[in-house]
Amino acid sequence: MANRRLSQMRNTIENIIKSITPMAIILVTAGLIDSCNLNDRWDDYYENAPEKTGENILNIIAKDENYSRFYNALVEYGFETLLSKNQYFTVFVPVNSAFDGLPEYTEEEWTGILGFHITYAKLLSYEFSDRDLLTIMGKYLKMKKGTDGEVKIFESTINMDRVDNYCRNGVIHEIDKLLIPMPNIYEFIMSLDSSFSILQDFILSMDKKFIDYEKSERIGVDDNGDAIYDTVWRTENYFLDNVAGLNHESEAYTGFIPGNDHVREALSEVVEYFGNIDDLDEEAYGQLLYITFSGSFMKGTYPHADIPDYIISVTGKKYDKSILSFQQTDLVLSNGMVHMLGGMTIPKSFFLVPIVIECDRKENRKVSNTIYPIEVKSDTRATNGSFLFYGCAFVNDYVEYTVDMVLKTKYWFIWTGPRQGPSTYQLSVKDEETGEFIYLGEPVDNWAKGWFIPVESGSYTFNKFGTKTVRINIVDELPVIGLNAIYIDYIKLVPDEVYNP
């Protein structure tokens with residue numbers, strides 16, 4: 001019995017060994033093949049890797065007489081420290097003849113030009129391909145490799161007989177022309193003359209300066225005990241940072257650029273809604289310009305022939321291409337293209353639109369007394385899934401909102417909210433001349449109106465374009481005094497021209 005069990009065990013072990021052996025052979029063979037492939041790849045690398053010297057890039061450039069003009073420019077405009085650092089660069093070095101016949105450039109322009117030849121990466125010739133290379137100045141160099149082996153870098157050709165000058169901190173490739181960076185759309189607009197100042201002023205008006213506390217150094221305190229900083233400022237621009245990144249090299253846009261005469265002519269056609277441009281205060285003027293240029297930029301690069309018949313701008317404005325009149329087209333820039341307009345139209349659809357105040361949002365909101373609780377409550381029936389609760393107490397308590405870009409026209413006022421808290425509400429508008437609040441329509445019992453039923457509170461005609469103030473007020477006591485509250489979802493202002501009751 002024992003012998004039979006030993007025999008069965010021996011057979012089982014032999015079968016396992018027989019099944020393992022072919023598998024082991026396969027695995028070992030695969031490992032050897034993969035190892036050979038890995039060695040082949042290393043062989044390819046070492047075959048393509050150029051000889052490396054122990055000097056830095058700046059010294060290599062200095063030693064070649066045919067690069068002397070580029071070297072002198074690097075030294076004159078402060079690049080010697082950078083190119084001596086222990087980090088990798090790729091530098092596309094133009095020969096001396098590339099400097100012949102150049103126009104005069106400012107120091108700032110020369111700094112930009114030289115930086116356009118340098119990237120923070122090591123790129124050897126066997127890696128040349130169709131690609132975009134980010135330079136140290138933040139602009140991209142476009143590399144194109146032809147079927148004949150010719151390699152173009154921007155508007156220059158790489159001399160393939162003078163590449164891979166490999167040294168301690170990078171590599172040098174020789175090119176035949178100086179690389180002159182294109183401006184981006186923002187830089188182009190700001191370089192235009194004063195006949196385009198309205199567009200320039202609009203973009204600059206969006207600048208806001210802030211103290212950068214992370215970079216500012218605290219140096220003491222004043223007599224009140226407040227910190228004093230050696231201040232470093234940072235600038236943010238709402239339009240460039242949030243609407244259209246015209247100064248960003250990685251984003252492509254198409255611009256439709258009007259001159260001042262065309263802007264003024266277009267505004268004269270809609271003066272009934274905005275009034276005389278010269279009579280507006282700074283805030284209202286900025287709001288008007290936002291509307292005026294809300295159709296001036298679209299995402300993507302579109303030559304004139306490819307502009308879609310129906311344009312959607314970066315602000316979401318939609319209009320027909322046929323309203324555009326072109327003077328000069330297809331101006332290529334580093335992050336897109338612009339077309340210079342020969343005329344301008346501001347469609348009424350740009351501004352004759354309802355204004356919706358989402359009451360649960362904190363921006364531009366204040367209340368009659370901050371001691372009362374304010375909460376945002378969820379409800380799927382609300383326009384954006386939530387509404388505002390203000391736990392005020394008495395008659396004349398209110399929630400107030402300021403509203404921008406209100407036209408010089410008649411508006412209808414509509415509001416809604418949940419059927420909670422049987423208080424009586426009434427909207428009011430701040431009079432432009434007296435500063436007093438004028439009640440609209442009739443008081444409404446919030447408990448009786450129903451859940452999220454829109455309430456029309458009448459109309460009001462504004463005589464000036466700009467920022468206005470609207471309130472929702474408690475106007476009648478509950479049976480128990482001191483237990484009033486406001487529950488509000490939205491307040492909507494609808495121009496009479498598009499109002500459809």
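The values are calculated or read from the model by the stated rules, or taken from the named source; none is laboratory data. Predicted model only: the values in this text are computed from it and were never measured. Methodologically, a virtual Cβ is constructed for each residue, glycine included, from the backbone with ideal geometry; neighbour enumeration extends over all protein chains shown.
Would you mind telling me which numbered condition in (1) over 27 Å from H248 (Cβ atoms); (2) among the β-branched types (V, I, T); (3) surrounded by 14 or more Cβ atoms within 10 Å (Cβ to Cβ) T147 fails?
All conditions pass for T147, except number (3).
Does the stretch 72-84 hold any residues that are touching a Leu at 6+ places or on another chain (Cβ under 8 Å) and in a helix (DSSP H, G or I), and which are they? Steps first, answer last, please.
Looking only at the stretch 72-84, we keep the residues that are touching a Leu at 6+ places or on another chain (Cβ under 8 Å), and these are 73-74, 77, 79-80, 83-84.
A73, L74, L83, S84, listed by residue number.
Which condition from (1) outside the structural domain of L407 (by TED's automatic domain parsing); (2) surrounded by 15 or more Cβ atoms within 10 Å (Cβ to Cβ); (3) more than 30 Å from G138 (Cβ to Cβ); (4) not aliphatic (A, V, I, L, M) is the one that D379 breaks?
The single condition D379 does not satisfy is (1).
Somewhere in the stretch 204-211, is a residue in a loop (DSSP other than H, G, I, E, B), at pLDDT below 70 and surrounded by 12 or more Cβ atoms within 10 Å (Cβ to Cβ)? Outline the logic, then answer.
The first filter runs over the stretch 204-211 and keeps only residues in a loop (DSSP other than H, G, I, E, B), leaving 205-206.
Now restrict to residues that are at pLDDT below 70: none.
For the stretch 204-211, residues in a loop (DSSP other than H, G, I, E, B), at pLDDT below 70 and surrounded by 12 or more Cβ atoms within 10 Å (Cβ to Cβ): absent.
Run down I257, I277 and say which single residue is of a type in the set (A, V, I, L, M) and either under 30 Å from R131 (Cβ atoms) or modelled with pLDDT under 90 (or both).
Working: I257 fails: either under 30 Å from R131 (Cβ atoms) or modelled with pLDDT under 90 (or both).
Just a single option satisfies the conditions, and that option is I277.
Testing Y490 on (1) touching a helix residue (DSSP H, G or I) at 6+ places or on another chain (Cβ under 9 Å); (2) at pLDDT 95 or above; (3) hydroxyl-bearing (S, T, Y), one condition comes back false. Which one is that?
So Y490 meets the others, but not (1).
Return the residue satisfying two criteria in turn: it lies in the stretch 238-253 and is closer than 18 Å to Y140 by Cβ and either out of contact with any Lys or Arg (no Cβ under 7 Å at 6 or more places or on another chain) or aliphatic (A, V, I, L, M) (or both), and of such residues it is modelled with the lowest pLDDT.
Filtering the stretch 238-253 for residues closer than 18 Å to Y140 by Cβ gives 245-253.
This time we only want the ones that are either out of contact with any Lys or Arg (no Cβ under 7 Å at 6 or more places or on another chain) or aliphatic (A, V, I, L, M) (or both), so: 245-248, 250-252.
Working: G245: 94, L246: 95, N247: 93, H248: 92, S250: 87, E251: 90, A252: 95.
Checking each candidate, the answer is S250.
Filter the stretch 147-177 for residues that are assigned to a loop (DSSP other than H, G, I, E, B) and either closer than 20 Å to I57 by Cβ or touching a residue at least 24 places away in the same chain (Cβ under 8 Å) (or both) and give the result. Full working, then the answer.
In the first step, residues of the stretch 147-177 are kept if they are assigned to a loop (DSSP other than H, G, I, E, B); the result is 147-150, 154-155, 159-164, 168-169, 176-177.
Residues satisfying the conditions are F154, E155, N159, M160, D161, R162, V163, D164, R168, N169, D176, K177.
Identify, please: which residue in the stretch 314-359 is of a type in the set (D, E, K, R) and within 26 Å of the chain's Cα centre (by Cα) and is, among those, farthest from L199 (Cα to Cα)? Steps first, please.
Step one: list which residues in the stretch 314-359 are of a type in the set (D, E, K, R), which gives 317-318, 320-321, 330, 348, 358.
With within 26 Å of the chain's Cα centre (by Cα) added as a condition, the list becomes 317-318, 320-321, 330, 358.
Working: K317: 18, K318: 20, D320: 21, K321: 20, D330: 19, E358: 30 Å.
Out of the qualifying residues, it is E358.
How do the pairs read when you match residues in the stretch 354-380 that are in a loop (DSSP other than H, G, I, E, B) with residues anywhere that are basic (K, R), using Cβ under 6 Å and keeping only pairs 6 or more apart or on different chains?
Short answer, once both residue conditions are applied: P354/K492.
Going by the conditions given, is E433 of a type in the set (D, E, K, R) and at pLDDT below 95?
Details: of a type in the set (D, E, K, R): yes; at pLDDT below 95: yes.
Criteria met by E433.
Looking only at residues in the stretch 85-122 that are assigned to a strand (DSSP E or B) and free of Cβ contacts under 8 Å to residues at least 40 places away in the same chain, which one is surrounded by the fewest Cβ atoms within 10 Å (Cβ to Cβ)?
Ranking the qualifying residues of the stretch 85-122, first place goes to T119.
Please specify each residue of the stretch 247-303 satisfying the condition of being surrounded by fewer than 19 Cβ atoms within 10 Å (Cβ to Cβ), part of a helix (DSSP H, G or I) and small (G, A, S).
Answer for the stretch 247-303, where residues must be surrounded by fewer than 19 Cβ atoms within 10 Å (Cβ to Cβ), part of a helix (DSSP H, G or I) and small (G, A, S): A266, S268, G286.
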